[in-house]
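The values are calculated or read from the model by the stated rules, or taken from the named source; none is laboratory data. Here the structure is a predicted model, which is why all the values come from computation and not from measurement. Every residue, glycine among them, receives a Cβ derived from its backbone with ideal geometry; neighbour counts consider all protein chains shown. Please note that ligands, DNA and RNA were not included when accessible areas were found on the heavy atoms of the full protein model with its side chains. Shrake-Rupley method; radii C 1.70, N 1.55, O 1.52, S 1.80 Å.
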Amino acid sequence: MTSILKVSEIQDPTNGNTALTVDTSGRILQPAKPVFSVSKTTNQNETTANAWVAINWDSVDVNVGNCYSANVFTAPVAGNYFLSYNIRVDNTEQSGTYNLAAIHFSNPSSEPKLDRTYTIQSPKGQYQSLVYAGVINMDANQTAQVKFLTHTDTSWLIGAYGNYSGYLIG
């Protein structure tokens, strides 16, 4: 026995918010699905060596659900999230140094997540690019923030290029 359900819109129980729409071509839209994308438009000059420094994202491009604020993403519900970052770091050329970038999480549940989101690089030239993309299981109200560490250099900058983004998969 087969059933056909013809629905163009699904709302919450109070009929105040559209949770899902289906257009005439069969595409499913989820207008309330948490998603954010932020970028850098200015350089961030730093002098800190061997300590994690928060990336200051100065342009909010997308923020559905208001889940991003003050350089921090907050998961509104528990679930799997796709998170990614791309940062450019300049002038970390000091001998013997290395660069790390990672997403730092508040209140990790049962597993350490930091070691699954970091990138490491030994500088070879003036410009470095560190990139991560992956799926992370997050608890409701857990936060995620991108940070950077250079081992020994005390005069460097995070370039005016880069992006941090994420969205709820389910």
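A full extension of the chain between Ser25 and Val62 corresponds to an added length of 10.8 nm, given 0.36 nm per residue minus the alpha carbon distance.
For the stretch 1-56, the extents of the C-alpha atoms along the principal axes are 67, 27, 24 Å, listed from largest to smallest.
Report the relative contact order of the chain, percent, no decimals, based on alpha-carbon pairs under 8 angstrom and at least 6 residues apart. Relative CO of the chain lands at 33 percent.
Taking 0.36 nm per residue of separation and subtracting the Cα-Cα distance, what length does fully extending Trp52 through Thr152 add?
Contour length minus Cα-Cα distance gives 34.8 nm.
Phi angles across the stretch 151-158 convert, under the Karplus curve 6.51 cos²θ - 1.76 cosθ + 1.60 with θ = phi - 60°, into 3J(HN,Hα) values of 5, 10, 6, 10, 8, 8, 8, 9 Hz, Gly and Pro given as x. Once backbone amide H atoms are built at 1.01 Å from N, Asn43 has Ala160 as its partners under 5 Å, excluding neighbours fewer than 5 places away on the same chain. Around the Cα centre of the stretch 1-98, unit charges on the Cβ atoms of Lys, Arg, Asp and Glu (plus for the first two, minus for the last two) sum to a dipole of about 300 debye. Based on DSSP H segments of at least four residues, each scored -39500 (n - 2.57), the chain has a per-residue ellipticity at 222 nm of -500 deg cm²/dmol. About its Cα centre, the chain has a charge dipole of approximately 240 debye under the convention of +1 per Lys or Arg Cβ and -1 per Asp or Glu Cβ, with nothing else charged.
For the stretch 47-55, 3J(HN,Hα) computed residue by residue from phi via the Karplus equation (6.51, -1.76, 1.60; θ = phi - 60°) reads 10, 8, 10, 6, 8, 6, 10, 5, 7 Hz, glycine and proline entered as x. Taken one residue at a time, the phi angles of the stretch 129-138 give Karplus couplings (6.51, -1.76, 1.60, θ = phi - 60°) of 10, 10, 9, 9, 8, x, 9, 10, 7, 10 Hz. Gly and Pro are set to x.
Going by accessible surface with a 1.4 Å probe and the largest first, Val7, Val89, Val131 read Val131, Val7, Val89. Note that the chain carries a Kirkwood radius of 17.8 Å, evaluated over its alpha carbons pair by pair.
Extending 7 Å from the Cα toward the beta-carbon at both Asn107 and Asn71 defines two label points whose distance is 2.2 nm. Given a 1.4 Å probe and the protein chains as shown, Glu9 ends up with an accessible area of around 80 Å².
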